[in-house]
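As C-alpha cells, the structure follows; a few thoughts come after it.
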Amino acid sequence: MTPRASGRSDRIVLATMNPGKIREITAAYAALPVQFLSLADFPEIGELAEQGASYAENAAGKAFAVARATGLVALADDSGLEIDALSGNPGIHSRRFLGMGATDADRNARILTLLRDVPDALRTARYRAVVAVALPDGSVRTFEGTCEGRIGRAPRGRGGFGYDPIFLPDETGRTMAELPVDVKNRVSHRGRGLRAAEPYVAAVLGQRQDRAADGANNRR
C-alpha cells in the first residue's frame, strides 16, 4: 500500500513502485507537510525507461516524465553499487545486472562468486544515488549521495532490498539489510541524497502553498 498522510497540504509523486524505496523516502521526509503518492496511484504511466548514460540522466528522466504526466511535483532516484575489484561494476546497470528476470538473491550470489578469491582489503565498494526533483513546468534538479563500504562474504539481514544483504557501510559493521530504517536513512547513499534535496523540496512546497493561498484569496 502506498503511504499517505491525510490532511497534508501538497502532494509529491514518487516515481517508483518499489515498496522499499517508498518506505525509505517517506521516512526520510516524514517532517515535511506533504502527501506522498507513487506510481501505484497512476497505473496508466506504466514502466519508466532507464536509458540514460548516468544515474543523473536516469533519475531526471523518470522525474520529468512523471511530473509531466501527473501535473504534480515528482521525485525519482537512480542508484547503483560500484565495486572497485569489478572496475566499478555493476554501477548504473545494478538493477539490470544478469537481466530483468534475475532476483536480488541471484544478483547477490553472482557478485559473491565473482569476488570469491578477492581478499577483504580489496572488496571496497560504494553505493551511489542521484535524487531528481521535477516540477510540472519541466524544470529538474538533481542531488547526489554516496555511501562507502565493502562487500561481505555472505548475505546477512532480512531488511532492505537489492544488494543490501552483502554491502557493509564503513561506519556500521553491519550490512545495509541488518540496519533499522532510521539508521539506514542516516548512512545510506539514498538517505544522503534525500537530505541534500530536502531544502529544495521544502522550498518548492512552500512556493506552491503560497501560490495556492494567493489564488484562494483572489477568488474571495
Checked the range 119-135 for anything surrounded by 16 or more Cβ atoms within 10 Å (Cβ to Cβ), assigned to a loop (DSSP other than H, G, I, E, B) and not basic (Lys, Arg); matches are Leu135
Residue match in the range 178-186 (condition: polar (S, T, N, Q) and closer than 21 Å to Thr113 by Cα): no
Among the residues that make up the range 38-48, is at least one of them modelled with pLDDT under 95, out of contact with any His (no Cβ under 7 Å at 6 or more places or on another chain), among the β-branched types (Val, Ile, Thr) and within 26 Å of Tyr200 (Cβ to Cβ)? yes
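Could you check the range 1-109 for strands (runs of 3 or more DSSP E) lying wholly inside it with 3 or more residues that are closer than 28 Å to Arg156 by Cα and hydrophobic (A, V, I, L, M, F, W, C)?
Answer list for the range 1-109: 73-83.
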Number of positions in the range 170-201 that are assigned to a loop (DSSP other than H, G, I, E, B) and among the basic types (Lys, Arg): 1
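The values are calculated or read from the model by the stated rules, or taken from the named source; none is laboratory data. The structure displayed is predicted, hence computed values, not measured ones. Neighbour counts are summed over all protein chains in view; Cβ atoms, including those assigned to glycine, are modelled from backbone coordinates with ideal geometry.
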